[in-house]
Amino acid sequence: MQIKPIVRALTVAFSIAVIAGCSSTGGTQGGESRGSQTGSTTGSGAESRGAGSGGQYGSTSGSESRTGQQADSRIPNVRTIYFDFNRDTIKGEYESVVMAHARYLRANPNADVVLQGHTDERGTREYNLALGERRANAVKRFLNIQGVSNSQMSVVSYGEERPEARGQSEDAYAKNRRVVFSY
């Protein structure tokens with residue numbers, strides 16, 4: 001049936017509108033407070049699951065980022081989104097990027113994407129592989145809700161094995177907590 005994708009798109013659009021209307025305007029510019037992260041860490045400093053409470057994908061702001069908003073026939077320029085420490089939820093600031101990829105994939109049903117999950121070096125190898133997979137699957141779920149076919153997407157986790165930035169600073173760690181869209 002052709003009605004199912006339309007109903008799904010309308011449901012998602014309505015949900016986003018409700019979330020945007022109810023979003024808080026308080027907090028920091030980046031929407032995070034490094035000193036008050038919830039979740040626990042083990043003695044080795046591992047990232048904990050930290051699925052957190054609230055929405056699965058964060059909320060959108062009234063002024064969506066222009067990045068990632070491309071014509072449907074071109075692969076979006078921004079192909080990396082970043083995650084908070086201990087989190088596998090998509091930040092609100094990256095929703096427009098993921099939406100642009102969803103538009104591209106819907107408009108190009110023969111296109112395939114590999115969602116590559118990455119973490120920083122803190123934690124065990126096994127834990128980081130699982131966290132990278134959870135991050136990539138969160139993006140896959142978001143794309144699926146936007147009408148992208150499961151057959152167009154695959155997930156791979158590299159954990160801490162392929163860092164974007166070397167070093168043990170918070171800046172390097174933040175650059176390594178990511179999902180990369182690989183076409």
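The values are calculated or read from the model by the stated rules, or taken from the named source; none is laboratory data. Here the structure is a predicted model, which means the values were calculated and not measured. To get the accessible areas, we keep the full protein, side chains included, count just its heavy atoms, and leave off ligands, DNA and RNA. Shrake-Rupley method; radii C 1.70, N 1.55, O 1.52, S 1.80 Å.
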Inset, instruction - Summarise the accessible area of the stretch 121-168 (1.4 Å probe, protein heavy atoms) by the percent that is carbon and sulfur. - result: 43 percent
Inset, instruction - Report, by chain and number, residues whose modeled amide H sits under 5 Å from the one on Ser157, excluding near sequence neighbours (fewer than 5 apart, same chain). - result: Gly117
Legend entry - Reference-scaled alpha-carbon Rg (2.2 N^0.38 Å with N residues) for the stretch 63-183: 1.03
Inset, instruction - Determine the per residue accessible area of the stretch 96-183 with all protein chains present and a 1.4 angstrom probe, expressed in square angstrom. - result: 43 Å²
Legend entry - Cα centroid of the stretch 105-183 to Cα centroid of the stretch 78-95, whole Å: 10 Å
